[in-house]
Amino acid sequence: MKTSHPVILWFRDDLRLTDQAALLAAVETGQPVLPVFILDDTSPGRWAMGGAARWWLHHSLAALQTDLARYGCALTLRRGDSAAILAELAGSTGATDIFTGGSADPWARRLDRTVSESAGAKFHRMRTRTLFHPDSIRTKTGGAYGVYTPFANACRALGGPLPAASAPEAIRPANSVPGDRLDDWGLLPTKPDWAGGLRATWTPGEAGAMERAKAFLTHGVESYAAKRDQPGVDGTSMLSPHLHFGEISAVQLWHLAHQRPNTKGRDTFIRELLWREFCANLLWHHPGLPETPLKPEFANMPWREDKPGLTAWQQGRTGVPIVDAGMRQLWQTGWMHNRVRMIVASFLIKHLMIPWQDGQAWFWDTLVDADLASNAGNWQWVAGSGADAAPYFRIFNPVLQGLKFDAEGDYVRRFVPELARLDAKYIHAPWEAPALALAAADVRLGKTYPHPVVDLAAGRTRALEAYAQIRSGA
Ligand SMILES: Cc1cc2nc3c(=O)[nH]c(=O)nc-3n(C[C@H](O)[C@H](O)[C@H](O)COP(=O)(O)OP(=O)(O)OC[C@H]3O[C@@H](n4cnc5c(N)ncnc54)[C@H](O)[C@@H]3O)c2cc1C
């Protein structure tokens, strides 16, 4: 039966119209659809969106408004407590149902419960972000997977996700209701405007996501396995912020990738999508993942209080070139290459012995792809305290990592211009360069570029001792 009462389509971090289960379910009711996005800084608590993600959100919402306008629909924007706003909207419009999707982060699940109890409309929660429902992937005994490979095998054994759904042909628009203007939300930086590098790098929105996916799958995926660890080349998809904001679904990417020839590159790419799935699954089963070490003994880690070290790391002025290049790439573009994320995280946690939570918080504020599950899962992985984590004795040597993965120093040259003229032989350890080589490259250590904030060998020994201490329970 068609009624003139609307249904509410509550967009969250799934800002697209294709393969959007909540949108399709709303359209299928035959009732007018009222699309809504709520900027809610209360419900997430300390996980309210960081600065770089807000920049992305602004542009993604602008793109969604344009896409919806083609259907004759307006996106209603509201700011405040989601549950209160949805209850008010349902009451004032007489909406019968609320359809929504988005992440299953712990705070979002709590919010789901509140909305379903308080909104006064029937609440429908759809899966719009992951390949599979987290509860559909369990061990034989019904438990949660704690190791990646069996988890990935279990996903593959399901034969892949259901096909991606098309965008609806039409959406019956609901009468408009009062809402905010996007420009009034102040999501973009003003003074200083730090977003120049972000604007030059990204095209947020569903169309930009699809364009990047197609370009990567046509030209990049075959060489992905060979190039994905080299930060100086465009070897990865750079789809993570699009995936985080749900401008393209993991399901779409899975199927698009399977339309390409079966190569090692394609298989490796699918493996990475499954790492994302693994992290989402971990957070589903361990809601404390962003705060608490999964391995309890790590709570006793003798972390150091080192404000100057943390600041040097954040600003890309540690004196260790590959670390500084990564941290500056992050600041300039809102993104960092995965290999370098591992190196900078290892450096912070192990060489500086600063808590992984501090690094996680900085990433949260500065990454355009900041994602609660992937960020926490990976920080804990590097720390050694997480699921299937790096062994505690694996301490990346940033110099050797640089020489191996950025052999010509292209990546360092790009983001640390004060070292650009240094010979590749020395660019990852300028403190070892002869005075003549430094002078020829116009590098004055301690003046144009800092001395390392920590002696790498001593830092490594200190970290190993600390890890031995917690392992022995001393
Ligand atoms: C300390 C640390 C923090 C991280 N924080 C985040 C974060 O907040 N958000 C985030 O999306 N990723 C995070 N990652 C994972 C990874 O670095 C990025 O997903 C990847 O660099 C994104 O670039 P890409 O899209 O070119 O990846 P590609 O190499 O093209 O991979 C394709 C997709 O697979 C997924 N993926 C790849 N590697 C991983 C991984 N290790 N874990 C989970 N998913 C993965 C991403 O969605 C990515 O877009 C973090 C990694 C580390 C080491």
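The values are calculated or read from the model by the stated rules, or taken from the named source; none is laboratory data. In this text, all values refer to a predicted model and were calculated from it rather than measured experimentally. Glycine also receives a Cβ, built like all others from the backbone with ideal geometry; neighbour counts cover every protein chain displayed. Areas reflect the complete protein model, heavy atoms only, side chains present, ligands, DNA and RNA absent. Shrake-Rupley method; radii C 1.70, N 1.55, O 1.52, S 1.80 Å.
One residue is enough: does the stretch 316-324 have a residue meeting the conditions open to solvent by 10 Å² or more (accessible area, probe 1.4 Å), in a loop (DSSP other than H, G, I, E, B) and farther than 21 Å from SER103 by Cα? Explain how you work it out, then say what you get.
As a first pass, look at the stretch 316-324 and keep what is open to solvent by 10 Å² or more (accessible area, probe 1.4 Å): 317.
From what's left, in a loop (DSSP other than H, G, I, E, B): 317.
Next cut, farther than 21 Å from SER103 by Cα only: 317.
The answer is yes, given that some residue of the stretch 316-324 is open to solvent by 10 Å² or more (accessible area, probe 1.4 Å), in a loop (DSSP other than H, G, I, E, B) and farther than 21 Å from SER103 by Cα.
Condition test on ALA383, is it touching a helix residue (DSSP H, G or I) at 6+ places or on another chain (Cβ under 6 Å), more than 11 Å from the ligand (Cβ to nearest atom) and under 19 Å from PRO296 (Cα atoms)?
Numbers: touching a helix residue (DSSP H, G or I) at 6+ places or on another chain (Cβ under 6 Å): yes; more than 11 Å from the ligand (Cβ to nearest atom): no; under 19 Å from PRO296 (Cα atoms): yes.
For ALA383, the condition - touching a helix residue (DSSP H, G or I) at 6+ places or on another chain (Cβ under 6 Å), more than 11 Å from the ligand (Cβ to nearest atom) and under 19 Å from PRO296 (Cα atoms) - is not met.
Applying the selection to the stretch 24-45, what residues are part of a loop (DSSP other than H, G, I, E, B) and either free of Cβ contacts under 8 Å to residues at least 24 places away in the same chain or surrounded by fewer than 18 Cβ atoms within 10 Å (Cβ to Cβ) (or both)? Quick ask: steps written out before the conclusion?
From the stretch 24-45, those part of a loop (DSSP other than H, G, I, E, B) are 29-32, 40-44; that's our starting set.
Correct list: GLY30, ASP41, THR42, PRO44.
In this structure, does ALA361 turn out to be within 15 Å of the ligand (Cβ to nearest atom), touching a residue at least 12 places away in the same chain (Cβ under 8 Å) and either on the phi > 0 side of the Ramachandran plot or assigned by TED's automatic domain parsing to the domain that holds ILE427 (or both)? Walk me through how you get there before you give the answer.
On the way: within 15 Å of the ligand (Cβ to nearest atom): yes; touching a residue at least 12 places away in the same chain (Cβ under 8 Å): no; either on the phi > 0 side of the Ramachandran plot or assigned by TED's automatic domain parsing to the domain that holds ILE427 (or both): yes.
Spelling it out, it is not the case that ALA361 is within 15 Å of the ligand (Cβ to nearest atom), touching a residue at least 12 places away in the same chain (Cβ under 8 Å) and either on the phi > 0 side of the Ramachandran plot or assigned by TED's automatic domain parsing to the domain that holds ILE427 (or both).
Suppose we filter ALA84, ALA62, ALA74, ALA90 for residues that are over 30 Å from LEU330 (Cβ atoms), open to solvent by 30 Å² or more (accessible area, probe 1.4 Å), among the aliphatic types (A, V, I, L, M) and outside any loop (DSSP other than H, G, I, E, B); which single one remains?
ALA84
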Output the residues belonging to the stretch 441-461 that are within 20 Å of THR311 (Cβ to Cβ) and part of a helix (DSSP H, G or I). LEU456, GLY459
Restricting the first residue to the stretch 283-308 and requiring it to be without any contact (Cβ under 8 Å) to a residue 24 or more places away in the chain, which pairs with a second residue that is buried (at least 16 other Cβ atoms within 10 Å of the Cβ) meet a Cβ separation below 6 Å and a spacing of at least six or different chains? ALA299/PRO293
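Conditions tested, residue by residue: (1) free of Cβ contacts under 8 Å to residues at least 24 places away in the same chain; (2) farther than 30 Å from ASP234 by Cα; (3) surrounded by fewer than 13 Cβ atoms within 10 Å (Cβ to Cβ).
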site: VAL412; (1), (2), (3): no, no, no
site: ALA420; (1), (2), (3): yes, no, no
site: ALA424; (1), (2), (3): yes, no, no
site: GLU432; (1), (2), (3): yes, no, yes
site: ALA435; (1), (2), (3): yes, yes, yes
site: ALA457; (1), (2), (3): yes, yes, yes
From the list ALA119, ALA195, ALA174, ALA154, pick out the single residue that is outside the structural domain of MET238 (by TED's automatic domain parsing), open to solvent by less than 30 Å² (accessible area, probe 1.4 Å) and either without any contact (Cβ under 8 Å) to a residue 40 or more places away in the chain or closer than 30 Å to ALA387 by Cβ (or both). ALA119
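What is the residue count in the stretch 109-162 for residues that are aliphatic (A, V, I, L, M) and in a helix (DSSP H, G or I)? Give the steps one after another, and end with the answer.
We begin by selecting, within the stretch 109-162, every residue aliphatic (A, V, I, L, M); these are 111, 115, 119, 121, 126, 131, 137, 144, 147, 152, 154, 157-158, 162.
Now restrict to residues that are in a helix (DSSP H, G or I): 111, 115, 152, 154, 157.
Of the residues in that region, 5 qualify.
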